[in-house]
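Q: This structure is in structure tokens; I'll ask about it shortly.
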Amino acid sequence: MPVEEKVFFEDQPGRKFDRCMANGIVKGGGGFVVGAVISLLFLRRRVWPILLGTGFGFGVAYKTCEKDLESFK
């Protein structure tokens with residue numbers, strides 16, 4: 001049986017910001033890996049697929065974070 005953890009209102013923005021940072025690291029890293037694999041396999045080791053994949057990952061994380069933090073208004 002899970003124990004309910006009481007979260008104070010003051011702690012909610014900090015938790016959401018921490019989740020946003022972790023989400024950005026994971027999605028940015030995932031985009032980096034996908035871009036690196038595509039670059040190595042198909043495009044003769046160019047840099048732009050890595051940058052594009054990383055940018056897409058951070059962009060998705062930013063949009064998710066923006067939507068998550070919008071709930072406080």
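The values are calculated or read from the model by the stated rules, or taken from the named source; none is laboratory data. Quantities reported herein were computed from a predicted structural model and do not represent experimental measurements. No Cβ is skipped: glycine too gets one built from the backbone with ideal geometry, and neighbour counts run over all protein chains shown. Heavy atoms of the whole protein, side chains included, go into the accessibility calculation; ligands, DNA and RNA do not. Shrake-Rupley method; radii C 1.70, N 1.55, O 1.52, S 1.80 Å.
Q: Rounded to the nearest percent, how much of the accessible area of the chain (1.4 Å probe, protein heavy atoms only) is carbon and sulfur?
A: Looking at the chain in its full context, I get 68 percent from C and S.
Q: Something else: Taking the structure as given and computing Rg and Dmax of the Cα atoms in Å, which label from (1) 17.4, 60; (2) 16.9, 54; (3) 10.8, 30 fits?
A: Looking at Rg and Dmax of the Cα atoms in Å for this model, the match is (2).
Q: FRET efficiency for Glu66 and Glu4, Cβ-Cβ distance as r, R0 = 25 Å, nearest 0.05?
A: So, using R0 = 25 Å, E works out to roughly 0.30.
Q: If I take every Cα pair under 8 Å that is 6 or more residues apart in the chain, average their sequence separation and divide by the length, what percent do I get for the relative contact order?
A: Rounded, it is 36 percent for the chain.
Q: Helix 48-69 versus the longest principal axis of the chain: what is the Cα-based angle in degrees, 0 to 90, to the nearest 10?
A: 10
Q: On C-alpha positions alone, give me the angle between the axis of helix 12-42 and the longest principal axis of the chain, in degrees, nearest 10.
A: So the inclination is approximately 10 degrees.
Q: When ligands, DNA and RNA are left out and all protein chains stay put, how many square angstrom of accessible area per residue does the chain have with a 1.4 Å probe?
A: Ligands and nucleic acids excluded, the figure is 85 Å² per residue.
Q: Work out which GluC sites (Glu not before Pro) in the chain are exposed loop sites (DSSP not H, G, I, E or B, at most 13 other Cβ within 10 Å) and give the longest gap free of them.
A: That gives 6-73 as the longest site-free run.
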